[in-house]
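Here is the structure we will look at.
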Amino acid sequence: MQEQTPLTQEKIFERYGDYLLNHGERPKNIYLFAKENGFEEKEFYHFFSGFDQAEKEMLDHLFRKSLELAEELNSSPEILTKEKLLNVYFIFFENLTMNRSLVLSILGRTKAQEIRALQNLRETHRQFVGTLDFNEWEMVEKAKQDIRRFNEKSRQEILWLHLVSAIDFWKKDTSPDFEKTDIFVEKTIDTGFELMDNEPLRKVIDLGKFLWKEKFR
């Protein structure tokens, strides 16, 4: 029976998420998914071209919601760049945790699946980083000369790879309330790019090479 209320992106997120969690796999096709949820297949295409795009948008949606929730905190002129970044990240990982089963399902088991799922979030993250003032960041002031010379694109790439490494850490975190993920995020942001010489972020460099190889730009 055709539903009376208009279909929205959020409704598709909710129903698609429920299906993934209840069945452990995607619906067989968009026609059946639409039929089971009381709307026409063509309505789905008003929002997404397919399930791949819907999943990318679901993760990006969580990050954009985190930006909105952090906006009031970050609007104060006393808030420094590092604090703005941490506010967004802490809220984002709280949102990930609230939807952990669904997020893990979307991220998949392989790095290639994860890269595809995070593609839209990467662009939103790039835009967010572009709003930050790095001239006031003590981390940058104390960094080696070559790090200080990073142009904007390089900085966006480094911070994106850092976020990907934090997501990977969160996926494997077994601590109560995933508290070690918060510590990882805070410590790596605090110590900044100096960690690029150490083991915790060496994997980020390897991942970066993989991302470029896959033309994930």
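The values are calculated or read from the model by the stated rules, or taken from the named source; none is laboratory data. Worth saying up front: this structure is predicted, and the values here are computed from it rather than measured. Note that we place each Cβ from the backbone using ideal geometry, even for glycine, and neighbour counts take in every protein chain shown. With ligands, DNA and RNA removed, areas are computed over all heavy atoms of the protein, side chains included. Shrake-Rupley method; radii C 1.70, N 1.55, O 1.52, S 1.80 Å.
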Going residue by residue through the stretch 70-81, the Karplus relation 6.51 cos²θ - 1.76 cosθ + 1.60 with θ = phi - 60° gives ³J(HN,Hα) values, rounded to whole Hz and with x marking Gly or Pro, of 7, 4, 5, 4, 7, 7, 5, x, 7, 6, 7, 4
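Largest first, how would ARG122, ARG26 line up by accessible area (1.4 Å probe)?
On the way: ARG122 40, ARG26 95 Å².
Greatest to least solvent exposure: ARG26, ARG122.
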Quick calc: nm separation of the 7 Å Cα→Cβ label points for LYS171 and LYS187 -> 2.1 nm
Counting only backbone N atoms under 20 Å from a point 7 Å out along Cα-to-Cβ of ASP52, the residues of the stretch 112-127 in range are 112-124
Once phi for every residue in the stretch 35-49 is put through the Karplus expression 6.51 cos²θ - 1.76 cosθ + 1.60 (θ = phi - 60°), the whole-Hz ³J(HN,Hα) values, with Gly and Pro written as x, are 4, 5, 10, x, 9, 7, 3, 4, 5, 4, 6, 5, 10, 9, 7
Sequence order, the stretch 19-25: Karplus ³J(HN,Hα) from phi using 6.51 cos²θ - 1.76 cosθ + 1.60, θ = phi - 60°, Hz rounded, Gly and Pro as x, gives 5, 4, 5, 7, 10, x, 7
